[in-house]
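**Student:** I'd like to ask you about the structure that follows.
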Amino acid sequence: MRYDLVIFDNDGVLVDSEPLSNRLLAGYLTELGHPTSYEESIRDYMGSAMHRVHDLVLERTGRRLPEDFDEVFHARVFAAFERELRPVPGVTDVLEKLAADGVPYCVASSGSHERIRVGHRTTGLDRWFTDERIFSSEDVGRGKPAPDLFLYAAERMGVAPGRCVVVEDSPLGVQAAVAAGMDVYGFTAMTPPERLADAGRLFADMGELAGLLV
């Protein structure tokens, strides 16, 4: 099927940020007295907006995270991005092909606008994503797994949900895309395929994606 819009998740799909951010998140939560392993961070928080971190910690411990938690965490993440962040291997080839074929695309991420832009500037992906192609959970009331963000992105891009495909690597993102009535391709480079089983198609190498979008 030829789609009218390709919607990319950001972290783990466009930029290889999930290992960095989840290592830092696990470390910071542990530092604050909420012992969390890297694997638990991936399991519980990958693909989610920051409010999920606050909500789960409060639900599990009855304690709220510090008011400056997001500010401190993002400062650590952005510093790590500057040192270590890279684009996901093969994604620039996909973007080049979409642009050459005239296929509209955008990014819809649980991350903040600032996080998206810092990551794109660091990796050189900003050349592909102008402001009108960037959508964040900050733009809607509820983040993934609610469908709101994907529906908002499709509306702003002028495309019906049924004509969109979402590229996701997290179970929460797949849930959101399915709830939005969109096709979804699950990227399994970091996520076990069984956790993305609700996706219509699965792929492990970004080099495969261009062929799937024909």
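**Student:** Give me Thr191, Thr130, Thr92 sorted ascending by neighbouring Cβ count inside 10 Å, so fewest comes first.
**Tutor:** Going from sparsest to densest Cβ surroundings: Thr130, Thr92, Thr191.
**Student:** How large is the translational diffusion coefficient of region 32-91 in µm² per second when you combine the Kirkwood radius over alpha carbon pairs with Stokes-Einstein at 4 °C and 1.567 mPa s?
**Tutor:** It diffuses with D of about 97 µm²/s by this estimate.
**Student:** Pick from Val72, Val88, Val53: which residue has the top mean-square fluctuation in a GNM of the chain where Cα pairs under 10 Å get a spring?
**Tutor:** In the Gaussian network model the winner is Val72.
**Student:** Going by C-beta contacts inside 10 Å, put Ile42, Ile116, Ile7 in order with the fewest on the left.
**Tutor:** Least to most surrounded, the residues fall as Ile42, Ile116, Ile7.
**Student:** For Glu31 paired with Lys97, estimate the spin-label separation in nm (one decimal), with each label point 7 Å from Cα along the Cα-to-Cβ line.
**Tutor:** A separation of 4.1 nm, rounded to one decimal place.
**Student:** Would you mind putting 170-179, 73-82, 15-24 in packing order, based on average other-beta-carbon counts within 10 Å, highest first?
**Tutor:** 170-179, 15-24, 73-82
**Student:** Here is a further query. Roughly what % antiparallel, to the nearest 5, for the DSSP beta bridges in the chain?
**Tutor:** Percentage antiparallel, nearest 5: 5.
**Student:** Taking the Cα centre of region 47-172 as origin, work out the dipole magnitude from +1 charges on Lys and Arg Cβ and -1 charges on Asp and Glu Cβ, in debye rounded to 20.
**Tutor:** Dipole size: approximately 200 debye.
**Student:** While we're on this one: With charges set only on the Cβ (+1 for Lys and Arg, -1 for Asp and Glu), what does the dipole of the chain come to about its Cα centre, in debye to the nearest 20?
**Tutor:** 60 debye
**Student:** Once region 112-182 is represented by equal point scatterers at the alpha-carbon sites, with solvent omitted, what log10 I(q)/I(0) does the Debye formula produce at q = 0.18, 0.20, 0.21, 0.24 Å⁻¹?
**Tutor:** Treating every Cα as an identical point scatterer, log10 I(q)/I(0) equals -0.73, -0.88, -0.96, -1.15.
**Student:** Let me ask something additional. Using just the helices of the chain, give the 222 nm mean residue ellipticity in deg cm²/dmol: DSSP H runs with n ≥ 4 each add -39,500 (n - 2.57), and the total is spread over all residues, rounded to 500.
**Tutor:** So the helix-based figure for the chain works out to -13500 deg cm²/dmol.
**Student:** Under a point spin-label approximation (7 Å from Cα along Cα-to-Cβ), what is the Arg127-Leu56 distance to one decimal in nm?
**Tutor:** 3.7 nm
Quick note: the coordinates plus some simple rules give every number you see, no bench work behind them. Please read these numbers as outputs of a predicted model, since none were measured by experiment. Methodologically, a virtual Cβ is constructed for each residue, glycine included, from the backbone with ideal geometry; neighbour enumeration extends over all protein chains shown.
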